[in-house]
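Participant: Got a structure for you, questions after.
The values are calculated or read from the model by the stated rules, or taken from the named source; none is laboratory data. The model shown is predicted, which means the values in this text are computed figures rather than measured ones. A quick note on method: Cβ atoms are made from the backbone with ideal geometry, for glycine too, and the neighbour counts reach across all protein chains shown. SASA here: full protein model, heavy atoms, side chains in, ligands and nucleic acids out. Shrake-Rupley method; radii C 1.70, N 1.55, O 1.52, S 1.80 Å.
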Amino acid sequence: MIIEGAEPFLMRGGSTGILLIHGFTGLPAELLLLGEYLNRAGFTVLGVRLAGHGTSELDLMRTTREDWLNSALDGYEMLSGLCEKIFVVGHSMGALLALKLSALKKVDRLILISAPIFVDEGLGAKNLPPREKCAGLYVSKARRNLPDVPPAVNRTYHKMPLVSVHELFELIAEVKKILPQIETPLLIMHGTDDHTAKISSAKFIAETAASSVVELVTVQSGGHLLPLTESREFVFEAVLKFCLRG
């Protein structure tokens, strides 16, 4: 059963569509405010729900990085039936999926927010057991209590399946390999206080991708959840400016 408020959303607008892809253990509501902002500017916006997300931790444990990518591909195909151009915005793991998507499909612009190419050591990744020992094991997540956000944002999973963490790390490894193939115009945004994805991730993407257009925007004092916290208006404005550029 889908968590209340965790449904995907579609907002009809103009002939340019923007696909929004949320992060690991997240849900579409995390990008709803950004989606509403972009829709008011005239874009058609689709926020997808990745497989295994917005329901239960058990569902997440049963899915793979291929399932997550297929969810993004489904959203792309739906949006391409409505729009002439497709931009893709990915947050956190959603940014990794956006990069993989752009290697498979025609994406006109790509916006990456808090992409986790390098994960902060403080999260304990070095202590992750081998995959064969992770079946049925979870690690706790801190509860959220963010103000002024869609209610579902604070209803995310309270634990992460360790096999799913392995899937995330394998996705990161795959994205590192394909970065030199990425030629889509890029906007990369990262917060200086991101304690989940190292800010060096942003520089690595900017220097490794083959895109001729690369904008790197550092959000001072911004954390990992840039579309939800006090920095979000700055983030929204930067995203819109990039989407409107000639």
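Participant: Of the listed peptides 229-237, 185-193, what is their order by residue-averaged count of other C-beta atoms within 10 Å, with the highest listed first?
Facilitator: Sorting 229-237, 185-193 by mean packing, highest first, produces 185-193, 229-237.
Participant: Give me the accessible area per residue for the chain, probe 1.4 Å, as a whole number in Å².
Facilitator: 44
Participant: What is the distance in Å between the Cα centres of the stretch 178-246 and the stretch 11-74?
Facilitator: The stretch 178-246 and the stretch 11-74 have Cα centres spaced 18 Å from each other.
Participant: Compute the angle between helix 232-244 and the longest alpha-carbon principal axis of the chain, please, reported from 0 to 90 degrees and rounded to the nearest 10.
Facilitator: Helix 232-244 and the main axis of the chain meet at about 50 degrees.
Participant: Got a number for carbon plus sulfur as a percent of the stretch 74-195's accessible area, 1.4 Å probe?
Facilitator: Carbon and sulfur together cover 52 percent of it.
Participant: Quick one: which of 105/203; 141/198; 85/141; 106/126; 106/141 span more than 26 angstrom between C-alpha atoms?
Facilitator: 85/141; 106/126; 106/141
Participant: Along each principal axis of its Cα atoms, how long is the chain end to end? Whole angstroms, biggest number first, please.
Facilitator: The principal-axis extents, from largest down, are 50, 39, 34 Å.
Participant: Still on this structure, please answer the following. Going 7 Å from the Cα of residue 244 toward and past its Cβ, which residues in the stretch 28-58 have a backbone nitrogen under 18 Å from where you end up?
Facilitator: 34-45
Participant: Give the residue list of trypsin sites (Lys or Arg not before Pro) in the stretch 135-173 that are DSSP loop and have at most 10 other beta-carbon atoms within 10 angstrom.
Facilitator: Hits after loop and neighbour filter: 143.
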